[in-house]
Structures are given as structure tokens and as C-alpha cells.
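To keep things clear, I will list the structure first and then write my remarks on it.
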């Protein structure tokens, strides 16, 4: 089998003249047109291999360079070490956590930026970074690089001398190597590529080309077929690969969707829909139910990528009705979210499953909740409002109905469970618009469940403020929260468990004991090393603020959610902002 080698020729015509001692006829070699790579094709290849700097615009605000990783940034006060491109999503998640805050980003300098030709430049300050960004084309201005198509590596090139003899074979493994190879070619050099070569489009489609002509055509055709995202808005590409069918599979594959967020005309309305469930079917029917009432409607989806329109129409529920734009589909173990946007308006559904059912284990909560009377012994919403609910007795039935009874009568309500925002489980409460029970309408993260106590927490979607709610078996008699202030100073404690985002670091604290003083100081020591610190109980006992000096206990410096308190055990949890990791800290008494 003859192997064809296609010539990479910079000049339009290469003439080889052969000389010898005897007279021979001079021969001119003219390769077929498809074997000749003219300047236009070479330029297309070079632009395809050019470094794309747009993927990290949320960090540097520039599409003509990217920051060399790893880099450490502080996003809205949260330190993030970005080691891979995927880690940039952590910063976006932090910025997305609240809609009404001002997002801030601080980069820890010095850093190195990589230009379009892969040159590396040291940057020592924010001013230098901003000056470098000014050298780039503005947002959404067409630049030189071609981002909608990529070469599947490795590819092989052979370099020839003037006698048509191979002097070098080069294996190119990535864009940077191809860019450097093309940039450094001598105009008189003859080069061949081994075909076929595979190309991959932005949507994952692959193309196989067999010569330079086909290669040039494929690149030119793909040059403008996608949004290269050369802007500084990280939220406009969350659905690059979304399809109406994917949305249909997610919405119809899970049951009992709830409204996690609803904003219309700068008004937060999600609390109005606590207790509502929404079910979608493949025929375009949409049914919403709450407290025995049913609302029948329709839904549809059309479009591609970031331009998918979702039309919702449920007579009787005007707040959700509109032609929305699909912003994002999030799927995690045990939880799915579908985020819709329309200008500044927002509608986000969530469900307890990933696809096709499933859910979380809510048995302990349901069993305790539906057994006997409950009383609110602590309610904190900016201020302590516990006394407001002192006269109410709460009952929760297995059919997801509830009652709140005081001397004025009985108020009916609903309850349901779901996947929490910061904990595995949440309790959704809705007692309508009757004051003060309307304040309880929310999706509460479950901090602790026993047969005698249920402790809940909610973070406001608007300003990030925290509310706490505690039910117990005996009525409120004053005070509230846990007995943490009394329990910790009694005896000597040790670290039973410490995990940092799933990484078990308990062994670091082996041999240490903790002595808590009622005045708010704590001493941790193993005999050879001592860490002094302070502690403070906040939010009526639902949070513990720790502040140690020195390692290793300075790892605990944070406001911890109190998950469980007993005379011999305290369980704490901290969830990093913006979709970050979860830390667990457990103290036990010796």
C-alpha cells in the first residue's frame, strides 16, 4: 500500500533542479493543489492553535490571555485555590450564591499570564493586570483565535530537505506545540502531515479530513458557528450544551418539584409557594398542587444551548407564567435544579432526585414530626421572636397537613421534606398568611432531629441573613437554643472527628485535649504544643464561633452550625459559601 504524504509548501511553487556529471533533463515538481498548503490555510491552522484566554474572564476580564494555574483568589471573602479550569466554577458559584450582594474578587499576586502566542508574563499587581487587559480587544469584539473547532492530538509532521529527504519527524501533542511549530517554520521548508486528521466541533461532533483542502474547509466553516464567549459575564454560558430534550428528561424524570427561588420585579416570592409541588409530563402538561388545591397548566421548551425558551402557563399562578430563558441545569447526587431567567426575574425549581426518582432519607424526621405535639422553643429572624409563638401547639399529620393551635383557634398548614441547601435534608413549612405564622413559611435546612428536638436553619436568598427555628416537646418557658454554654465548660473534651471537605484530618488532633472556660476562653494542648483560643455561642445556641491562635487549631476558626448537642458530644458543621465544601467537627467529652 502506498502511503501518501501531503506537502506543506509555503511558496506557491517549489522547483527542484537536479545536477549530476552527466546531462539530465531538468524536472519541475508541481504537487497537486490539495497537497499544497497556501498561506490562507496555514493561517487558519495557526488561529486554531492560538491560546484561548476567554475561559477565565471572570478572573482577569481579558480574552487575549489567561492566568497560569494554580492561582489563589478571594471571592466575596472566601479564599479559593484554583488548580484546574474546572475550579473556576467555584468562584462563579460564590458569586451566584446571592443575587443582591456586590461581588468582589481579590487575586493574590504575583501571578503569571499566558498570551495568545503562549508567551508568559509576570504580573505583580492589580494595576498591571488591568493594563494588560486594556491591550486586548473589547468584550464581544472578534479576535484572531478560532475557538469553535479543535484538533484531536497527537498529529505527526515530517520535515524534508531540498533533496526531498526526511530530516525530522515531529509529533505535536497540543495547540501550543502546533503553534510554535508553525511560527518557527522556515519559508523554504517542506513539511508533510499524516492524514487523516480528526477535528472536534464545539458541540462534540467530530470530523475527519483527508487532505489540506478538506482541513481548510472544515476550519473555515466552523469559524463563526458558536459563541466564543469573549465577554466578562460568567452566567451567560451555563447552558452551552443544553437541549430541550435534556430539560424534558430532567423535569419529567423527577417528581414533586418545588420552587427554590422566585423573583419578579425585584420582589422575592418563593415563600408564597412553600408547600407547592410541580409535576411535568412529556406531553406538555404541568400540575401544581398545594394543601388539597390543584392547578392544571402547560409547559414547553424550544431552542438550543443558551437560547432555549421555556413557556409556562398555569392559570391561577401568574407569578410563574411567562416565556422564560433556560439559564442552567444543575444535577448532583440526590438533587436537581432548573434555573430560568427573564431579565432580572428568576424562577428556579428543585427536586430531591437526579433523574427518574430517588430521594433522600427523611424517615427519622417524618417519624418524629408526625408523632405528638410540638412547640417552638426558639425562633430567631434578625431578632429573637420566640415569645411570639409561646402559645402555639403544632401537629403534623402523615398526609403532609399541619395545624397550629392557640387560644384564638386553629390555623391549617402544610409540610413537606426535600434536599437542603446546606444540609442533606430540609423541612418545608407553610401556614399561609396569618400573622405571625406567615414568618414560618420557608425551606428550612434540618440541623438536628431526635424524638425530642428538631432544629432548623434558613439562609435568606436576598441578603444572606440567617434564621433559626427549634421545635421541642415541651412549651417555651424562656431562654431558647441549646445548652452549649453550660455543657462545654463541664469536663475535658477531645476532637473525635474533623473532616475538611471530605478529607479526614482527625489524626492531626490526636492526643490533644480541650478545656473550655465559661468566660469564653479555651486551651487546646497535647503537652508539647498549646493553642489558646476563644469561643462564643451565637444565635441562641445554634452557632459556635471559634478563634484559635496557632496551628493546628486555627483550622477551626469559623462560625460553626451546631448540628447536635448532648452532655458528652457536640457536632458542628461549616459549609463554605458559593457551593464550596462541607467541614465537620465533632467534640466528645473524656
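Computed from the coordinates by the stated procedures, all read-outs in this text should not be read as laboratory data. Worth saying up front: this structure is predicted, and the values here are computed from it rather than measured. Here the Cβ is made from the backbone with ideal geometry for all residues, glycine too, and neighbour counts use every protein chain on show.
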Taking Cα pairs closer than 8 Å and at least 6 residues apart, the relative contact order of the range 51-134 in percent is 31 percent
PRE zone check, label point 7 Å out along Cα-to-Cβ of residue 81, amide N under 18 Å, scope the range 41-75, hits 68-75
If I stretch the segment between residue 528 and residue 170 completely, what's the gain in nm (0.36 nm per residue apart, minus their alpha carbon distance), one decimal? 123.0 nm
Suppose each label sits 7 Å from its Cα in the direction of the beta carbon; what would the residue 342-residue 144 distance come out to in nanometres? 4.5 nm
Between residue 40 and residue 249, how high is the FRET efficiency from 1/(1 + (r/R0)^6) when r is the Cβ-Cβ distance and R₀ = 45 Å? Nearest 0.05. 0.55
Return the FRET efficiency for the residue pair residue 279, residue 364: r is the Cβ-Cβ distance, R0 is 25 Å, and the value is rounded to the nearest 0.05. 0.45
What is the calculated FRET efficiency for residue 153 to residue 109, with r their C-beta to C-beta distance and R₀ = 41 Å, to the nearest 0.05? 0.80
Points 7 angstrom from Cα along the Cβ direction at residue 126 and residue 189: gap in nanometres? 4.4 nm
